[in-house]
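Okay, so here's the structure we're looking at.
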Amino acid sequence: MNSLSPKGLVVHLLVTALLLSMTGFVMAQERFLTIGTGGVTGVYYPTGQNICRLMNREQDTHGIRCNAESTGGSVFNLNAIRQGEMNLGVVQSDWQHHAYHGSDRFADAGPHESLRALFSLHPEPFTVLVRPDSGIERFEDILGKRVNVGNPGSGQRGTVERLMEEYGWGMSDFSLASELPSREQGQALCDNRIDVVLFTVGHPSAAIQEPIATCGARIISVEGEVIDRLVSETPYYFSATIPAGMYPGHDSPIQTFGVGATLVTSTDTSEDAAYHLVRAVFENFPTFKGMHPAFEVLEKESMVGQGLSAPLHDGARRYYREAGLLKD
């Protein structure tokens, strides 16, 4: 090795120190994963918490710490992932589709080509909850009522707006279009500040259970030609049923439509980090299914592809191949 001049040696040491510091920064960044979820009374928040709980059990092995944060919901999470503010997010299948393809609310931003899917989660029926004295028996009866359409940035709000387009309705068709987040809407219903809650959520949900128990709120069906057309024309909506007996006073199944909850990230998340997160869930699958009632219907095989519009992350693909869940 050629000897360096004193000046050259200083430059060499400075460059080496800079490279080491950059490497340390990258390694430090890989030590933490943040999952964006939703309101604390919905299913997204405990979903993120439970995923992180399983991931953190094996922190001694992979050295990565996982944290779940309550957020505004699907659209917020997708924007935060695009902007590098969060690593992962629980999002509705329809908004995953729109974000990846740059359609609907993401048309101005364009396709998020680096968005990647990890797995799908529980089904989320579109749920219409009404006051017992509202006089509402059919979905169309909500016209002229005080309706909570959801907070801006939530998948709930986005689905409401999409459905209103199909019906040809506008916000002015309601006597009030409130924008309460999910944690506040049940109390508002029971306090007689609104008549209707429109909510896309996994069941059973505390956000639905509480107003039913507190003030006798009722869930009504959402069906008919408009819904049939919406389901047939879109790849991310499907017919859904809220089972009989899920909530007190609801002895018959309730027909509606729905989406699926999914977990997404981007190519900014390393292959190893994605691999270990997916592995933590699938290698502890019975434990994961027992962490929330909405997870009871989950099956490994369907989670690998159902409702996923974005390509699988390389880390997820690696695990699924090892586990025999993916053949390509």
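Please treat every number below as a calculation from the coordinates, not as lab data. Treat the numbers as computed from the prediction; the structure is a model and nothing was measured. Every residue, glycine as well, gets a Cβ built from its backbone with ideal geometry; the counts of neighbours run over all protein chains shown.
Sorted from largest to smallest, which semi-axis lengths in Å does the alpha carbon gyration tensor of the chain give for its equivalent ellipsoid, taking the root of 5 times each eigenvalue? The partial results should precede the final answer.
Details: eigenvalues 360, 88, 67 Å².
Semi-axes (√(5λ), whole Å): 42, 21, 18.
With +1 assigned to the C-beta of every Lys and Arg and -1 to the C-beta of every Asp and Glu, and no other charges, what is the dipole magnitude of region 27-162 about the Cα centre in debye, to the nearest 20? Could you put the intermediate results ahead of the total?
Details: 13 positive and 15 negative charges, 44 e Å.
Value, rounded to 20: 220 debye.
Which helices of the chain meet both criteria: a Cα extent of 15 Å or more along the helical axis and a mean Kyte-Doolittle score no lower than 0.0, with helices taken as whole DSSP H segments? Display every interim value, and only then the final one.
Details: long enough: 6-30 (36 Å, 1.24); 44-57 (20 Å, -0.86); 155-167 (18 Å, -1.22); 271-282 (16 Å, 0.37).
Passing helices, by number: 6-30, 271-282.
What is the set of long-range amide H partners of LEU121 at a cut-off below 5 Å, with H atoms built 1.01 Å from backbone N?
Here ALA261, THR262, LEU263 satisfy the definition.
Could you name the aspartates and glutamates whose alpha carbon sits less than 17 Å from that of LYS289, not counting residues in the same chain fewer than 8 places away?
Once the sequence-local aspartates and glutamates are set aside, what remains near LYS289 is GLU124, GLU299, GLU301.
Quote the charge dipole size of the chain about the Cα centre in Debye, to the nearest 20; the model charges only the Cβ of Lys and Arg (+1) and of Asp and Glu (-1).
On the way: 25 positive and 38 negative charges, 215 e Å.
Roughly 1040 debye, rounded to the nearest 20.
Under 10 Å, Cα contacts only: if you run a Gaussian network model on the chain, which one of ASP60, ASP268, ASP228 comes out with the highest mean-square fluctuation?
Answer for the Gaussian network model of the chain: ASP60.
Given a Förster radius of 22 Å and the C-beta distance between ARG57 and GLU322 as r, what FRET efficiency does 1/(1 + (r/R0)^6) yield to the nearest 0.05?
Details: r = 19 Å, r/R0 = 0.88.
My answer for the efficiency is 0.70.
Using the Cβ atoms and a cut-off under 14 Å, what net charge is assigned to the surroundings of GLU113, where Lys and Arg are +1 and Asp and Glu are -1?
Working: positive: ARG82, ARG116; negative: ASP268.
Net charge in that neighbourhood comes out at +1.
Suppose R0 equals 22 Å. What FRET efficiency, 1/(1 + (r/R0)^6) with r the Cβ-Cβ distance, do THR234 and GLU85 give to the nearest 0.05?
Working: r = 29 Å, r/R0 = 1.30.
That pair, THR234 with GLU85, gives E of 0.15.
Kindly rank 49-57, 269-277, 192-200 from highest to lowest mean number of other beta carbons found within 10 Å of each residue. Provide the component values of the computation, followed by the final result.
Details: 49-57: 19.6, 269-277: 21.4, 192-200: 23.0.
In decreasing order of mean packing, 49-57, 269-277, 192-200 become 192-200, 269-277, 49-57.
Quick check for you: which residues of region 180-197 have the amide N under 20 Å from the point 7 Å beyond the Cα of MET171 toward its beta carbon?
Counting backbone N atoms under 20 Å from the label point, the list is 180-186, 188-189, 193-197.
In debye, nearest 20, what is the charge dipole magnitude of region 125-259 about its Cα centre with +1 on Lys and Arg Cβ and -1 on Asp and Glu Cβ, if you could check? Walk me through the intermediate numbers first.
Values: 10 positive and 18 negative charges, 69 e Å.
That gives region 125-259 a dipole magnitude of about 340 debye.
For the residue pair ASP141 and THR241, what label-to-label distance in nm results when each label sits 7 Å from Cα along the Cα-to-beta-carbon direction?
Each label point is offset 7 Å from its Cα along the Cβ direction, giving 2.3 nm.
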